[in-house]
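Bear in mind that the values in this text are calculations on the coordinates, not laboratory data. Since the model is a prediction, treat every value here as computed from it, not as a measurement. Note: ideal-geometry Cβ built from the backbone for every residue, glycine included; neighbour counts use all protein chains shown.
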Amino acid sequence: MAKKKSEAKADKIEREYVIPLRRKVKHAVRYKKTPKAIRTIKEFLAKHMKVYDRDLKKIKIDGYLNEAVWRRGIKNPPHKIKVKAVKDGDIVRAELVDYPTKLKFKKLRLIKRDQTAQDTLDKNTLKGTRKKVVKEDVKPMEKTDEEKREEKEKAQAGAEVMQKMEKAAAKTAKHQAGGKTKLPKRERRMALAK
């Protein structure tokens, strides 16, 4: 029996849940609703992922999940949330499944930032190794006719795409209500502006 338990611990368990928060949160004080929602998510995962003693310290919530719950403030958490839970040993990690638009862009921006940082780090390490390597006569490689033709085709395709995008933008601008915006005759006076 001891072997079965150790094998079960070695396996990762992944599940997706839609966690209802409304029923638990509606009884909380208005200024404590979102912390109660976080606690409810942890309790739900402790129950359904079979955490020993239902210890909430063994449940780790992803930063994006936390941000999605807190997005509307402390008084107005979402009524339900879709979560992906991964149990590895005793620890359960919870991640958000459906990212809101703002969080998608934020995540992509952070991934891109990390990637560029890694690239610059790699370049810096390569620069140090290049100094040690003896420089040899290196002749620049000439492009073949096929490569030149492919580059021209790519440039033409890019130009065509840009023209289509410009036409679409002009069409949407033409059909918007109001047409051109009118400029005010004089500057609007603000009472407290100095």
Hey, what do the phi angles of the stretch 14-21 turn into as Karplus ³J(HN,Hα) couplings, whole Hz, using 6.51/-1.76/1.60 and θ = phi - 60°, x for Gly and Pro? 10, 9, 10, 10, 9, 8, x, 10
Output ordering of 84-97, 148-161 (per-residue mean of other Cβ within 10 Å, highest first) is 84-97, 148-161
How would you order 117-123, 39-45, 24-30 from highest to lowest mean count of nearby Cβ atoms within 10 Å? 39-45, 24-30, 117-123
Compute for the stretch 7-102: radius of gyration divided by Kirkwood radius, i.e. Rg/Rh, restricted to C-alpha atoms, rounded to two decimals. 0.98
26 Å Cα-Cα threshold exceeded, pairs from LYS42/LYS75; LYS60/LYS107; LYS42/LYS106; LYS57/LYS82; LYS24/LYS60; LYS33/LYS112: LYS33/LYS112
